Amino acid sequence: MKIPEKLQESLLAIVEMGIVNIRFQCEGGRYESCEAEANHIHNIPGLVQDFSADKLACYLEVELPQYLREIGNNPRGDLLPHWEILRRWLVDFRNSNSIG
């Protein structure tokens, strides 16, 4: 399945923000935070390259909750709209494939 453009844009924005955050945290010596951030974003390029609804579900339902636990459920606000776009698409996809 080809990745929808709006999902690609959101996923790439999440990676970009993650890399910037790693750089900022490394400068401050907060290496545990760097590890959590790297764990959060390291599979996203593969998701973009070989997209599927199942892989997106794994990110949203497994990897993202793990990231949130690691950072104490206090994500940066600029990530929230991107996660909402991904969640909304997955819900719509599941609903459209469960009809009939």
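Quick notes on this one:
- The criterion of being in a helix (DSSP H, G or I), touching a Gly at 6+ places or on another chain (Cβ under 6 Å) and touching a residue at least 12 places away in the same chain (Cβ under 8 Å) does not hold for Glu63.
- A count restricted to the stretch 36-49 and to residues that are in contact (Cβ under 8 Å) with a residue 12 or more places away in the chain, more than 15 Å from Leu68 (Cβ to Cβ) and of a type outside the set (A, V, I, L, M) stands at 2.
- Yes/no for Leu56 being under 10 Å from the mean Cα position of the chain (by Cα), surrounded by 11 or more Cβ atoms within 10 Å (Cβ to Cβ), in a helix (DSSP H, G or I) and touching a residue at least 24 places away in the same chain (Cβ under 8 Å): yes
- Of everything listed in (1) assigned to a loop (DSSP other than H, G, I, E, B); (2) out of contact with any Ser or Thr (no Cβ under 9 Å at 6 or more places or on another chain), the single unmet condition for Met1 is (2).
- Annotation note: Cβ proximity below 9 Å between a residue of the stretch 1-26 that is more than 14 Å from His42 (Cβ to Cβ) and in contact (Cβ under 8 Å) with a residue 12 or more places away in the chain and a residue that is exposed (fewer than 13 other Cβ atoms within 10 Å of the Cβ) and of a type in the set (A, V, I, L, M, F, W, C) (sequence gap 6+ or interchain) occurs for no pair.
- The residue that is nearest to the chain's Cα centre (by Cα), counting only those in the stretch 61-100 that are surrounded by 14 or more Cβ atoms within 10 Å (Cβ to Cβ) and closer than 16 Å to Ala38 by Cα, is Leu64.
- Residue in the stretch 37-49 that is assigned to a helix (DSSP H, G or I) and in contact with a Ser or Thr (Cβ under 6 Å, 6 or more places away or on another chain) present: no
Bear in mind these aren't lab numbers, they're just calculated from the coordinates by the rules spelled out. Nothing here was measured: the structure is a model prediction, and the numbers come from that model. Reconstructed Cβ throughout: ideal geometry from the backbone, glycine too, with neighbour counts over all protein chains shown.
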